[in-house]
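Comments concern the structure below.
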Amino acid sequence: NDDAINKMHNFLDILRSSCGEDNFELTDNQLEMVIENEIPERLLDLISSAVPFKLKPSSAQKSFAIEKFSEYMNEFTDERLTILEFCIKTGISKRTLELAVKDKFNTSPKNYIITKRLDHVRKLLKTSNASTTKIVDVANRFGFWHMGQFAKDYKLMFGELPSDTLASKR
């Protein structure tokens, strides 16, 4: 699938620019997130996109997936929730989860999780002390490692930068 290949190329370009010899921007925590979560998830997407025939899950399977996914999201606090971990813990296939979330929420599981993570970041920034809080630490706490993409997604969702939210403390 060309889309999966293009997404992998874009991810590798971002990773390469963040890890270049002259500007290693990732902290140990961020690098750990990339190695443990992002790379396996991206590889799984690439491999699964190459499978030509895919069975469609039943309504019962999709309902079960949504029920478990909702429970998992409600229990989510500070941990970096990944789709791969969810699928391993629940035994629900990634494809079933994708189709179920698309049917129920009209988005992908990854986008749904990003939205929830951004909500958590915003809530924390609104109640944090601007002089002692580092946005990068809050973002990392909720699984964001690429600060440029994080700021772009945050502004798109909330209409302001994370620094504006922290400074205003509404």
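Just so it is clear, none of the values below were taken in a lab; they were calculated from the coordinates. Please read these numbers as outputs of a predicted model, since none were measured by experiment. With ideal geometry, Cβ positions are generated from the backbone for all residues, glycine too; neighbour counts draw on all protein chains shown.
For the reader, a short list of remarks on this structure follows.
- In the stretch 68-80 there is no residue that is among the hydrophobic types (A, V, I, L, M, F, W, C), surrounded by 17 or more Cβ atoms within 10 Å (Cβ to Cβ), in a helix (DSSP H, G or I) and within 13 Å of the chain's Cα centre (by Cα).
- Flag if Asp137 is among the acidic types (Asp, Glu), without any contact (Cβ under 8 Å) to a residue 60 or more places away in the chain and either within 30 Å of Phe64 (Cβ to Cβ) or touching a His at 6+ places or on another chain (Cβ under 6 Å) (or both): no
- Unmet requirement for His120, which otherwise passes all of (1) farther than 30 Å from Ser63 by Cβ; (2) part of a helix (DSSP H, G or I): (1)
- If you go through the stretch 143-170 and keep only what is in a helix (DSSP H, G or I) and more than 30 Å from Leu84 (Cα to Cα), you end up with Ser163, Asp164, Thr165, Leu166, Ala167, Ser168.
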